[in-house]
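Report on the following structure.
Computed from the coordinates by the stated procedures, all read-outs in this text should not be read as laboratory data. All figures in this text were calculated on a predicted structure; none of them were measured in a lab. Glycine gets a Cβ as well: all are built from the backbone with ideal geometry, and neighbour counts include every protein chain shown.
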């Protein structure tokens, strides 16, 4: 996470990560470290629908925009229901 946080600080382009977050704790650790400008959790790895909605609340609470990674047939509906 330190390397990603450094990229966020030093690059002018935004950094998006999240396809490898394991459950909400992985995303929380990344956000605590300042390792991303945007997040894109994978529906399967973040913990399904419940985990995705928790991730959305976490991202919104931190002022971080979120997209999805894979499973567009489900993720599109979930993104429509998130802030």
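State yes or no: is residue 71 within 17 Å of residue 20 (Cα to Cα), buried (at least 19 other Cβ atoms within 10 Å of the Cβ) and in contact with a helix residue (DSSP H, G or I) (Cβ under 6 Å, 6 or more places away or on another chain)? Spelling it out, it is not the case that residue 71 is within 17 Å of residue 20 (Cα to Cα), buried (at least 19 other Cβ atoms within 10 Å of the Cβ) and in contact with a helix residue (DSSP H, G or I) (Cβ under 6 Å, 6 or more places away or on another chain).
Can you confirm whether residue 54 is buried (at least 16 other Cβ atoms within 10 Å of the Cβ), part of a helix (DSSP H, G or I) and out of contact with any strand residue (DSSP E or B) (no Cβ under 7 Å at 6 or more places or on another chain)? Before the answer, list the steps.
On the way: buried (at least 16 other Cβ atoms within 10 Å of the Cβ): yes; part of a helix (DSSP H, G or I): yes; out of contact with any strand residue (DSSP E or B) (no Cβ under 7 Å at 6 or more places or on another chain): yes.
Considered against the rule, which asks whether it is buried (at least 16 other Cβ atoms within 10 Å of the Cβ), part of a helix (DSSP H, G or I) and out of contact with any strand residue (DSSP E or B) (no Cβ under 7 Å at 6 or more places or on another chain), residue 54 comes out as yes.
Residues of the range 8-25 that are without any contact (Cβ under 8 Å) to a residue 12 or more places away in the chain and assigned to a helix (DSSP H, G or I): 10, 25. Scan the range 27-44 residue by residue and report those that are out of contact with any helix residue (DSSP H, G or I) (no Cβ under 6 Å at 6 or more places or on another chain), part of a helix (DSSP H, G or I) and either surrounded by fewer than 19 Cβ atoms within 10 Å (Cβ to Cβ) or on the phi > 0 side of the Ramachandran plot (or both). Answer for the range 27-44, where residues must be out of contact with any helix residue (DSSP H, G or I) (no Cβ under 6 Å at 6 or more places or on another chain), part of a helix (DSSP H, G or I) and either surrounded by fewer than 19 Cβ atoms within 10 Å (Cβ to Cβ) or on the phi > 0 side of the Ramachandran plot (or both): 28, 29, 32, 44.
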